Amino acid sequence: MRLDGTVALVTGASSGIGAAASVSLARQGAAVAVVARRRERLDELAARIRGDGGDVLVIEADITQEAQAVEAVERTASELGRIDTLVNNAGVMLLGPAAGAPMTEWQRMVEINVLGLLYCAHAALPYLLKAAGAGPRHVADMVNVSSVAGRVPRSGSSVYNLTKHGVGAFSEALRQEVGQKHVRISLVEPGAVETELAGHNRPEVLETIRARFGGIERMQPEDIADAITYIVTRPRHVAVNELLIRPTEQE
């Protein structure tokens, strides 16, 4: 099912999976609200989408601030007319041993990976329920981007594991709550993807990450965008609840 006549909101859209998903959803006919902090990156993305003939709304916002997250959702609904799809993609991965870790890193992961996602989900849910009840597709989607870390705890990833396991639990419980109203809640769990995600780590942690994944062919953002697009273009009676995607060579 194409997405003509629908509206999608994508967080963390200034790079990586978020940018690729925005392009992909627009190509399926959705008007897309792209949300992130880096305005220049969003403007470049918007130009690309418009160049392909798509409709896009740029919203500069920090979703860790509840008021800004709510405003992003409200602006999307007001200026584009509705919200049929929410892609909660914004996230951060800050790894390393728990002993001696900066508390600011733990707080940052909770703020973005959990609270930011919750702020957007809470604000968008009434619009998703409304869209599911009133065409054009009579179904709506919330796609929460998690990680392999939401399934497999690993040494050095304790708080990142915590946040991503939480996203998985939230998604499944919410699915049971709103699924019969035709709001589909889907969880996407990527393995190693070639994005900026790892680059936010401290140098010594970054070296460990490079040593672990340097020898494998990582996935590209477009691979995950393709999966997200697959999920939201299924017929109304089909819900993809959970999708785990790893590079072929990843253990």
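Since every read-out is calculated from the coordinates, none of them should be taken as a lab result. This is a predicted model, so every value here is computed, not measured.
Tell me the Kirkwood radius of segment 28-71: reciprocal of the mean inverse pair distance over distinct alpha-carbon atoms, in Å.
Working: mean 1/r = 0.0914 Å⁻¹.
Answer for segment 28-71: a Kirkwood hydrodynamic radius of 10.9 Å.
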Cα gyration tensor, segment 1-114 - rounded (a/c under 1.5), prolate or oblate: prolate
Cα-Cα pairs of segment 113-165 separated by more than 12 Å (percent): 68 percent
Helix axis angle, 66-80 relative to the chain longest principal axis, alpha carbon, degrees: 30 degrees
Built amide H within the under 5 Å cut-off of R184, gap 5+: A140, D141, M142
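Can you give me the Kirkwood hydrodynamic radius for segment 143-251, using every pair of distinct Cα atoms, in Å to one decimal?
Values: mean 1/r = 0.0662 Å⁻¹.
For segment 143-251, inverting the mean 1/r across all distinct Cα pairs yields 15.1 Å.
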Value in Å of the Kirkwood radius, where the chain supplies the Cα pairs that are averaged: 18.1 Å
Phi-based couplings in Hz for segment 158-165 (Karplus 6.51, -1.76, 1.60; Gly and Pro marked x): 4, 6, 4, 4, 4, 5, 6, 5
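If contacts are Cα pairs under 8 angstrom and at least 6 residues apart, what is the relative contact order of segment 48-116 in percent?
Worked out over segment 48-116, it gives 32 percent.
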Whole-Hz ³J(HN,Hα) from phi, Karplus 6.51 cos²θ - 1.76 cosθ + 1.60, for segment 104-110, glycine and proline x: 4, 5, 5, 4, 4, 5, 5
Interchain or long-range residues, amide H under 5 Å from G191's placed H: V148, I245, R246
Global size of segment 86-227 as Cα Rg and Dmax, reported in angstrom: 16.6, 52
Other-chain or far-sequence residues with amide H under 5 Å of A33's (modelled H): A8, L9, V10, L57
MRE, 222 nm, helices only [DSSP H, n ≥ 4, -39500 (n - 2.57), over the chain, to nearest 500]: -14000 deg cm²/dmol
Length-normalised contact order for the chain - Cα pairs under 8 Å, 6+ apart - percent: 20 percent
